[in-house]
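Colleague: Attaching a single structure in structure tokens format; questions to follow.
The values are calculated or read from the model by the stated rules, or taken from the named source; none is laboratory data. Remember, it's a predicted structure, so these values are computed and weren't measured experimentally. Don't worry about glycine lacking a Cβ; one is built from the backbone with ideal geometry, like all the others, and counts go over all protein chains shown. With ligands, DNA and RNA removed, areas are computed over all heavy atoms of the protein, side chains included. Shrake-Rupley method; radii C 1.70, N 1.55, O 1.52, S 1.80 Å.
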Amino acid sequence: MSQSKRGSSQNRRSQMVVDDDDEGSFTQPSLSQVQRARDNFTTVQVDRKVAEVVQFILIKDQRKIPIRRTDIVKHVMKEYRSLYLDIMKRADRTFEQVFGLKLVEIDSKNHIYILTNRLEQSLEEPISMCPANPKTGLLFVILGIIFMKGGSVKETLVWNTLKKLRVDVGERHEDFGDVKKTISEEFVRQKYLEYVRIPHTEPLEFEFRWGQRAESEVSKLKMLQFIAELHDQEPQSWTQQYREATSAENTQR
Amino acid sequence: MSESKRKTSRSIQEEAANGAVGRSRPERSADTGEEDEGAGPSGIHEEDDDPAQRREIRSQYRDLINSVQQNREDMLNPANNKLFDVLEEANKLFANVRQAREAALDAQLLVLATDLGREKASQLHAEGSAFDPSAFAEHLLSFMGLNRLEEEEDGDANLGGYMPPDAWQRLSKKAQYCFKTAPSFHYMFGSFLAEPPPPRQRVERQRKAPSKEAKRIMPTQLKKMEESHQEATEKEVERILGCLRSYFADDPQSPILYYEFVVDPNSFSRTVENIFHTSFLIRDGLARVYLNSNKLPCIAPVEEGELEPGGANARHQCVISISPATWKEIIEAFDIKEALIPSPKVLSQEG
């Protein structure tokens with residue numbers, strides 16, 4: 001409902017530009033518009049806007065819920081919207097050079113962004129002073145099963161495996177709280193997982209797949225290496241998975 | 001795109017899993033097709049429309065579907081051929097199916113069987129090792145530091161062993177190597193992190209507390225008023241007893257005239273009050289009233305030892321009535337100049 005309200009007000013404001021975007025909040029500005037905007041704003045003004053966008057994204061990223069272009073435009077860019085591409089490009093450079101992060105558009109259709117870490121993680125030393133978030137372990141287990149099982153698994157398989165790990169879906173867990181909610185809602189909203197209905201099942205059944213964030217944030221090769229290490233086997237012994245992991249690694253670079 | 005891919009792969013796997021059955025299906029449908037043709041354009045034979053037989057077929061289908069749904073895990077076991085048996089049975093049932101309603105059930109069963117077939121096929125890995133989630137879980141448990149020898153207090157029989165509290169931390173530490181997660185902010189002095197919740201609670205409590213207390217104050221105030229009233233009577237009675245005792249102690253020989261004692265020449269109401277309070281002393285046996293030689297009532301305190309158990313028999317009751325007129329008469333008759341019982345206000349001022 002707020003969606004439609006926002007849409008209409010945005011439309012009114014950008015009436016001069018041809019609206020070909022579903023969201024209505026952002027339209028690709030024409031070259032002349034960009035040029036005019038560049039002339040309108042001083043370098044200092046644009047610099048400040050870039051800093052604002054960087055800060056907005058950094059703060060939004062705390063909860064690991066992907067950031068939508070609509071929100072960036074609506075809350076930060078405002079009248080600078082015609083310089084969107086310029087500003088985002090410069091914001092990305094700031095993330096890269098100052099923070100060692102990378103701004104990734106995980107969904108180029110709906111324009112959704114996440115931040116990933118550009119720096120190689122070292123195995124020896126703890127990455128931060130903070131103790132590791134136990135949810136990372138939970139995610140690893142679920143993503144690992146999905147990957148090793150060829151891309152999608154029934155939710156019952158996930159629940160059964162977790163039960164073996166003393167995590168009962170029906171009960172509150174010390175680290176994860178409401179387990180089902182954490183997995184099928186929080187992880188899904190963060191785009192680590194996709195939780196979809198399997199067609200033609202009675203009663204309803206759901207399956208898990210990798211979400212878009214997982215695809216760009218998680219290294220399949222490293223995951224396979226760790227799983228192999230746990231099994232005391234070579235990663236190559238899972239031929240199919242190894243092939244997928246190495247090819248994914250090459251495309252990600 | 002992935003949808004269509006899945007569909008085709010499913011049908012391929014289905015063929016692989018069904019094997020001989022897959023082949024027998026078209027034959028069978030050809031058979032029934034011939035039979036239908038034999039039935040002529042009118043469509044349904046009379047024998048085909050036997051409700052009892054149709055019901056029987058449907059119930060058999062439902063049983064079969066139920067058993068497939070309930071024994072799913074069992075049927076997926078690569079060691080047995082139960083899926084094949086189910087399909088054989090369905091084939092036998094289908095030979096008698098004549099109408100859409102039964103055929104729909106057959107289709108439902110086929111969907112189930114296909115799904116099972118796909119899953120069975122996915123267990124078959126042509127190349128490389130198969131991935132067994134149970135084995136994975138076991139390895140993870142070992143990595144997380146499960147102590148299999150120690151029994152957990154409420155542990156199930158099959159979930160024995162003790163999990164250290166940092167088990168998931170341990171896994172996360174290693175697993176985050178796989179994640180290129182952007183680090184989120186954290187406070188340099190971590191204690192800040194835990195601070196916010198308590199103040200919020202405190203604010204709520206403060207807000208609620210006064211309103212509750214305000215509600216509670218009303219009844220306590222009322223109670224106190226009642227109490228103070230009772231207490232006032234009690235105190236007054238005690239005070240008067242004190243006066244009586246001190247007068248008696250000053251001169252035990254001369255009797256204290258009752259009217260001289262209770263009457264306050266300056267206040268009729270004080271006099272009434274004094275009579276009222278003194279009556280308690282009499283009732284409780286702390287003072288006694290007797291007539292002197294002039295037949296005038298006198299009052300004297302009763303000493304502890306003096307109280308006789310049998311004294312109760314000698315008790316009398318009387319009602320004293322007094323009006324402002326009699327009050328004045330008494331003052332004149334006894335020539336009372338001042339109150340023997342000082343008014344409590346004066347007393348409290350002195351105190």
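Colleague: Count, please, the residues in the stretch B:119-151 that happen to be outside any helix (DSSP H, G or I), modelled with pLDDT of 70 or more and facing another protein chain (nearest Cβ under 8 Å).
Modeller: Total satisfying the criteria: 2.
Colleague: Answer with yes or no whether A:L204 is free of Cβ contacts under 8 Å to residues at least 24 places away in the same chain, within 11 Å of chain B (Cβ to nearest Cβ) and of a type outside the set (S, T, N, Q).
Modeller: No, not satisfied.
Colleague: Which of the residues that make up the stretch A:60-90 are within 14 Å of chain B (Cβ to nearest Cβ) and in a helix (DSSP H, G or I)?
Modeller: Listed by number, the residues that qualify are A:K60, A:D61, A:Q62, A:R63.
Colleague: Only one residue in A:V153, A:V169 is among the β-branched types (V, I, T), outside any helix (DSSP H, G or I) and either at the interface with chain B (Cβ under 9 Å from one of its Cβ atoms) or touching a Gly at 6+ places or on another chain (Cβ under 9 Å) (or both), so which one is that?
Modeller: A:V153
Colleague: Another one. Exactly one condition in (1) in contact with an Asp or Glu (Cβ under 6 Å, 6 or more places away or on another chain); (2) open to solvent by 80 Å² or more (accessible area, probe 1.4 Å) is false for B:K82; which is it?
Modeller: (1)
Colleague: Among the residues of the stretch B:302-340, what is the count of those that are hydrophobic (A, V, I, L, M, F, W, C), modelled with pLDDT of 85 or more and surrounded by 10 or more Cβ atoms within 10 Å (Cβ to Cβ)?
Modeller: So the count comes out to 7.
Colleague: Also: Which pairs have Cβ atoms under 6 Å, sit 6 or more apart or on different chains, and link a residue in the stretch B:65-93 that is closer than 21 Å to B:A103 by Cβ to one that is among the polar types (S, T, N, Q)?
Modeller: Listed by first residue and then by second, the contacts come to B:L93/B:Q60.
Colleague: List, please: which pairs have Cβ atoms under 8 Å, are six or more places apart or on different chains, and start with a residue in the stretch B:95-114 that is without any contact (Cβ under 8 Å) to a residue 40 or more places away in the chain and end with one that is part of a loop (DSSP other than H, G, I, E, B)?
Modeller: Close Cβ pairs (under 8 Å, with a partner that is part of a loop (DSSP other than H, G, I, E, B)) amount to B:A103/B:V97; B:V111/A:H200.
Colleague: OK, next. State the number of residues belonging to the stretch A:119-144 that are at pLDDT 70 or above and more than 8 Å from chain B (Cβ to nearest Cβ).
Modeller: 4
Colleague: Would you pick out the residues in the stretch A:91-118 that are of a type in the set (S, T, Y) and within 13 Å of chain B (Cβ to nearest Cβ)?
Modeller: Of everything in the stretch A:91-118, those that are of a type in the set (S, T, Y) and within 13 Å of chain B (Cβ to nearest Cβ) turn out to be A:Y113, A:T116.
Colleague: Find the residue count for the stretch B:94-116, including only residues that are away from every other protein chain (no Cβ under 14 Å) and part of a helix (DSSP H, G or I).
Modeller: So the answer is 6.
Colleague: Another one. Which one of these is open to solvent by 10 Å² or more (accessible area, probe 1.4 Å) and either farther than 18 Å from A:L103 by Cα or assigned to a strand (DSSP E or B) (or both): A:E229, A:E207, A:E215?
Modeller: A:E229
Colleague: Would the stretch A:187-210 turn up any residue that is modelled with pLDDT of 90 or more and under 23 Å from B:M163 (Cβ atoms)?
Modeller: Within the stretch A:187-210 (the criterion being modelled with pLDDT of 90 or more and under 23 Å from B:M163 (Cβ atoms)), the answer is yes, since at least one residue qualifies.
Colleague: Looking only at residues that are open to solvent by less than 40 Å² (accessible area, probe 1.4 Å), within 60 Å of the chain's Cα centre (by Cα) and not polar (S, T, N, Q) in the stretch B:244-285, which one is nearest to B:H316 (Cα to Cα)?
Modeller: B:G285
Colleague: In addition: For the stretch A:187-198, enumerate the residues that are open to solvent by 50 Å² or more (accessible area, probe 1.4 Å) and without any contact (Cβ under 8 Å) to a residue 40 or more places away in the chain.
Modeller: A:E194, A:R197
Colleague: Return the residues of the stretch A:172-184 that are open to solvent by 20 Å² or more (accessible area, probe 1.4 Å) and facing another protein chain (nearest Cβ under 10 Å); say none if nothing qualifies.
Modeller: Scanning the stretch A:172-184 gives A:H173, A:E174, A:D175.
Colleague: To continue, here is another question. Determine, yes or no, whether A:V158 is crowded, with 18+ Cβ neighbours inside 10 Å and in contact (Cβ under 8 Å) with a residue 40 or more places away in the chain.
Modeller: Answer is yes for this residue.
Colleague: Given (1) facing chain B (nearest Cβ under 8 Å); (2) assigned to a helix (DSSP H, G or I), identify the lone condition not met by A:R243.
Modeller: Single failed check for A:R243: (1).
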